[in-house]
Every structure is written in structure tokens, then in C-alpha cells.
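Laboratory data are not the source of any read-out in this text; all were calculated from the coordinates shown. The shown structure was predicted, so the numbers you read here are calculated from the model rather than taken from an experiment. Note: ideal-geometry Cβ built from the backbone for every residue, glycine included; neighbour counts use all protein chains shown.
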Amino acid sequence: MKNRIVNFFKWIYFLYYDGFTSMKVGKTLWLLIVIKLFVMFVIVKWLFFPDVLKENFHSDEERSAYILDTLTKER
């Protein structure tokens, strides 16, 4: 059973490996996808989502008390 699982993962690895090594346009597209993900998750987060808790509170106790009060507040 264990040997079948190992062979299955080897098969998947070689399937992708052969596919990526024979690509021409696909490598460029994957590069664009990686650059886009980097911009979305690193640059945009850094620019538009500041760390408000670090700016407004000085200690971990103050931050945790604020979060606890906010989450448990009656509406």
C-alpha cells in the first residue's frame, strides 16, 4: 500500500516536471502569475493595510483587551 502511494506521488511529480520542461509560452505565463501574486499579497498589503494595532496600542495586553472588547461587544 505504501509503495502505491509513493509511486502515485512520483507519477504526479514527473507529470508536472515533464510538462514544465517542455513548455515555451507556459514558463512566461507562470512568471507573470508569480509576479502578480507577489504584487497582490506583498506590495498591496504593505501599501493599503497598515498595522493599526501596533500604531494605536503600546503593549500586547492593550491590544488583546481591545480585540476582546470589540469581539464580545453587544450590538
Hey, what do the phi angles of the stretch 60-69 turn into as Karplus ³J(HN,Hα) couplings, whole Hz, using 6.51/-1.76/1.60 and θ = phi - 60°, x for Gly and Pro? 5, 5, 5, 5, 5, 5, 5, 5, 4, 5
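Ignoring everything except DSSP H segments at least 4 long, calculate the 222 nm mean residue ellipticity for the chain; use -39,500 (n - 2.57) per segment, divide by total residues, nearest 500.
So the calculated ellipticity at 222 nm is -22500 deg cm²/dmol.
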Low-density loop cleavage sites - GluC sites (Glu not before Pro) in the stretch 31-75, where at most 12 other Cβ are within 10 Å (DSSP): Glu74
Please work out the C-alpha center-to-center distance from the stretch 31-51 to the stretch 1-26 and express it in whole Å. 30 Å
List the trypsin sites (Lys or Arg not before Pro) within the stretch 1-67 that fall in a DSSP loop (any state other than H, G, I, E or B) and whose Cβ has at most 16 other Cβ atoms within 10 Å. Lys24
Which distance in nm do the two modelled labels at Val52 and Ala65 give, with both placed 7 Å along the Cα-to-Cβ direction? 1.9 nm
Can you list the equivalent-ellipsoid semi-axes of the stretch 2-71, largest first and in whole Å, using the square root of 5 times each Cα gyration tensor eigenvalue? 44, 22, 7
In the stretch 2-71, taking the dipole from +1 charges on Lys and Arg beta carbons and -1 charges on Asp and Glu beta carbons about the Cα centre, the listed residue (Phe14, Ile33, Thr70) farthest towards the positive end is Phe14
